[in-house]
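Peer 1: Have a look at the structure that comes next, please.
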Amino acid sequence: MAKPKLAIYWAASCGGCDIAILDIEAKILDVADFFDLVFWPVALDFKYDDIRRMDDKSITLTLFNGAIRNDENFEIARLLRQKSVVMCAFGSCATEGGIPALANLYDRESIIDYAFHKSPSVDNPDRIVPEPIYKVPEGTITIPAMWNTVRSLGQTIDIDYIIPGCPPQSDQIINVVEAVIDILSNGKPLPAKGTILGATDKSCCDECKRQRNIKKIKKFIRPFEKVLDPDLCLLEQGVVCMGPATRAGCGAKCVSAGVPCRGCYSLPTNIRDQGAKMASALASVIDSTDPAEINAIIETIPDPIGTFYRFSLAESMLRRVQI
């Protein structure tokens, strides 16, 4: 009996999701034993044409990590959707656009202008920029065309499931892999389409062991600015922690180590916009009713949009800044 086929792909992301898969350690052998790995370019020498030659729906499961940033990302996302029975958005960038989608604060031209002309690390007196099509004596070179707007995977193709996280926690990956193997081995029904795997319906605060005393604050700080109480809620100590606006499932590992939640595990149930939810949470701890003082306190939040929408800008109500 033929093994179920597995594909793994890395689009616009940092590669941490691929490392997280390897972090399941010996369990990777169970994956290799159960699945026929037909595509994982970052790890093995697979070609796009290998997938093009496959029959439609012949890949049982694709784990797709990374946002859609350029023509190549989009082409391969559509190709893998065509060839796959189950398409899973794997990690924050595929799920919500992730950190690459912070580029939506600018337009394509201004990003290229900075990267190739204005960055202090660039020496480019001839002001050369990459061209999608370029002729050389040996032939024609083509490279992917960069999009103006970064999109999540679900904004470009139909997806079946989501595994959140930057990256997803290795223990959650193990749980998902073992559940998939059990389903496929025993003919069990798949979860409902749209299910978020490896997470729960609660918020990160529900997993956090820190005490909440409803303390009011006059200033927001960064974690290095003072010695923090190891037992008290970070938000109540003035540290912007995204726990109230983030789905549970990571085990609150960052917060337990004294690092504020970054918001990578996506939105809790019934929350439409992560930044709006976080603004509401901060309003509950600001100790003032005076508009001028409130504005002064808010001014102490470093990089509000990069903090509130670090992973979710593409899927937020903002989507991108209108330039």
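The values are calculated or read from the model by the stated rules, or taken from the named source; none is laboratory data. Please read these numbers as outputs of a predicted model, since none were measured by experiment. As a convention, Cβ positions derive from the backbone with ideal geometry for all residues, glycine included, and neighbour counts pool all protein chains shown.
Peer 1: Out of the residues in region 1-20 that are touching a residue at least 40 places away in the same chain (Cβ under 8 Å) and more than 22 Å from F311 (Cα to Cα), state the one that is nearest to the chain's Cα centre (by Cα). Break it down into steps so the answer makes sense when it comes.
Peer 2: Start the filter on region 1-20 by keeping residues that are touching a residue at least 40 places away in the same chain (Cβ under 8 Å), which leaves 4-14, 16-20.
Filter again for more than 22 Å from F311 (Cα to Cα), leaving 4-7.
Values: P4: 26, K5: 24, L6: 21, A7: 19 Å.
Among them, the one singled out is A7.
Peer 1: When residues of region 1-19 are filtered for being out of contact with any Phe, Trp or Tyr (no Cβ under 9 Å at 6 or more places or on another chain) and within 26 Å of F74 (Cβ to Cβ), how many remain?
Peer 2: First pass over region 1-19, keeping only residues out of contact with any Phe, Trp or Tyr (no Cβ under 9 Å at 6 or more places or on another chain): 1-2, 12-16, 19.
After this cut, where a residue has to be within 26 Å of F74 (Cβ to Cβ) as well, the list is 12-16, 19.
So the answer is 6.
Peer 1: Let me ask something else. Would you please list the contacts, defined by Cβ atoms under 6 Å and residues six or more apart or on different chains, that run from a residue in region 145-162 that is crowded, with 16+ Cβ neighbours inside 10 Å to a residue that is of a type in the set (D, E) and not in a strand (DSSP E or B)?
Peer 2: These pairs meet every condition: S152/E96; S152/E315.
Peer 1: Looking at D23, D45, D50, which is the one that is at pLDDT 90 or above, under 27 Å from R310 (Cβ atoms) and of a type in the set (D, E, K, R)? Before you say what the answer is, go through the steps one by one.
Peer 2: Working: D45 fails: under 27 Å from R310 (Cβ atoms); D50 fails: under 27 Å from R310 (Cβ atoms).
From the options D23, D45, D50, the qualifying one is D23.
Peer 1: When you scan region 39-114 for helices (runs of 4 or more DSSP H) that lie fully inside it, which ones turn up with 2 or more residues that are more than 26 Å from P168 (Cβ to Cβ) and not β-branched (V, I, T)? Talk me through it step by step, then tell me what you get.
Peer 2: Details: elements: 48-52, 71-83, 92-96, 108-113.
Counting at least 2 such residues, we get 48-52, 108-113.
Peer 1: Now, a different point. Would you please name the residue that is farthest from S288 (Cα to Cα), looking only at residues in region 200-213 that are in a loop (DSSP other than H, G, I, E, B) and in contact with a Ser or Thr (Cβ under 7 Å, 6 or more places away or on another chain)? Quick ask: steps written out before the conclusion?
Peer 2: Of all residues in region 200-213, those in a loop (DSSP other than H, G, I, E, B) come to 200-202, 208-210, 212-213.
In the following step, the residues that additionally are in contact with a Ser or Thr (Cβ under 7 Å, 6 or more places away or on another chain) were identified as 201, 209.
Values: D201: 32, K209: 28 Å.
The residue in question is D201.
Peer 1: If you don't mind, there's one more thing I want to ask. Picking from T246, T195, which residue would you name as being among the polar types (S, T, N, Q), under 27 Å from D33 (Cβ atoms) and not assigned by TED's automatic domain parsing to the domain that holds I19?
Peer 2: Residue meeting the stated conditions: T195.
Peer 1: Identify, please: which residue in region 100-118 is in contact with a strand residue (DSSP E or B) (Cβ under 9 Å, 6 or more places away or on another chain) and not charged (D, E, K, R) and is, among those, surrounded by the most Cβ atoms within 10 Å (Cβ to Cβ)?
Peer 2: Initial filter on region 100-118 (in contact with a strand residue (DSSP E or B) (Cβ under 9 Å, 6 or more places away or on another chain)): 100-104, 107-109, 111-112.
With the extra rule that they be not charged (D, E, K, R), the set shrinks to 100-104, 111-112.
Numbers: P100: 24, A101: 29, L102: 18, A103: 23, N104: 21, I111: 14, I112: 14.
The qualifying residue surrounded by the most Cβ atoms within 10 Å (Cβ to Cβ) is A101.
Peer 1: D182 versus (1) in a loop (DSSP other than H, G, I, E, B); (2) assigned by TED's automatic domain parsing to the domain that holds N70; (3) over 27 Å from G98 (Cα atoms): which is the lone unmet condition?
Peer 2: Of everything listed in (1) in a loop (DSSP other than H, G, I, E, B); (2) assigned by TED's automatic domain parsing to the domain that holds N70; (3) over 27 Å from G98 (Cα atoms), D182 misses just condition (1).
Peer 1: Next question, about the same structure. Within region 183-204, identify whether any single residue is of a type outside the set (G, A, S), in contact with a Cys (Cβ under 8 Å, 6 or more places away or on another chain) and modelled with pLDDT of 90 or more, and answer yes or no. Walk me through how you get there before you give the answer.
Peer 2: First pass over region 183-204, keeping only residues of a type outside the set (G, A, S): 183-184, 186, 188-191, 193, 195-197, 200-202, 204.
Those still in the list that are in contact with a Cys (Cβ under 8 Å, 6 or more places away or on another chain) too: 197, 204.
Filter again for modelled with pLDDT of 90 or more, leaving 197, 204.
There is at least one residue in region 183-204 that is of a type outside the set (G, A, S), in contact with a Cys (Cβ under 8 Å, 6 or more places away or on another chain) and modelled with pLDDT of 90 or more.
Peer 1: Now a separate question. Keeping to region 18-38, report how many residues are touching a Ser or Thr at 6+ places or on another chain (Cβ under 7 Å), farther than 20 Å from M87 by Cα and either part of a helix (DSSP H, G or I) or among the hydrophobic types (A, V, I, L, M, F, W, C) (or both).
Peer 2: As a first pass, look at region 18-38 and keep what is touching a Ser or Thr at 6+ places or on another chain (Cβ under 7 Å): 20, 23-24.
Still in the list and also farther than 20 Å from M87 by Cα: 23-24.
Next cut, either part of a helix (DSSP H, G or I) or among the hydrophobic types (A, V, I, L, M, F, W, C) (or both) only: 24.
Looking only at that region, the number is 1.
Peer 1: From G165, G154, which residue is within 30 Å of A32 (Cα to Cα), at pLDDT 95 or above and part of a loop (DSSP other than H, G, I, E, B)?
Peer 2: Values: G154 fails: part of a loop (DSSP other than H, G, I, E, B).
Within the list G165, G154, the selection yields G165.
Residue-wise test of (1) in contact with a Ser or Thr (Cβ under 6 Å, 6 or more places away or on another chain); (2) among the aliphatic types (A, V, I, L, M); (3) in the same structural domain as C233 (by TED's automatic domain parsing); (4) over 28 Å from G154 (Cβ atoms).
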position	(1), (2), (3), (4)
Q274	yes, no, yes, no
S280	no, no, yes, no
A283	no, yes, yes, yes
I286	no, yes, yes, yes
P291	no, no, yes, yes
A296	no, yes, yes, yes
D303	no, no, yes, no
A314	yes, yes, no, no
M317	no, yes, no, no
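Peer 1: With more than 30 Å from L6 (Cβ to Cβ) and either in contact with a Pro (Cβ under 9 Å, 6 or more places away or on another chain) or assigned by TED's automatic domain parsing to the domain that holds S13 (or both) as the only criterion, which of P125, P137, P132 stands out? Break it down into steps so the answer makes sense when it comes.
Peer 2: On the way: P125 fails: either in contact with a Pro (Cβ under 9 Å, 6 or more places away or on another chain) or assigned by TED's automatic domain parsing to the domain that holds S13 (or both); P137 fails: either in contact with a Pro (Cβ under 9 Å, 6 or more places away or on another chain) or assigned by TED's automatic domain parsing to the domain that holds S13 (or both).
Answer to the selection: P132.
Peer 1: Continuing with this model, one more query. Give the number of residues within region 183-239 that are among the charged types (D, E, K, R), more than 20 Å from A89 (Cα to Cα) and without any contact (Cβ under 8 Å) to a residue 60 or more places away in the chain.
Peer 2: Summing the residues that are among the charged types (D, E, K, R), more than 20 Å from A89 (Cα to Cα) and without any contact (Cβ under 8 Å) to a residue 60 or more places away in the chain in region 183-239 gives 11.
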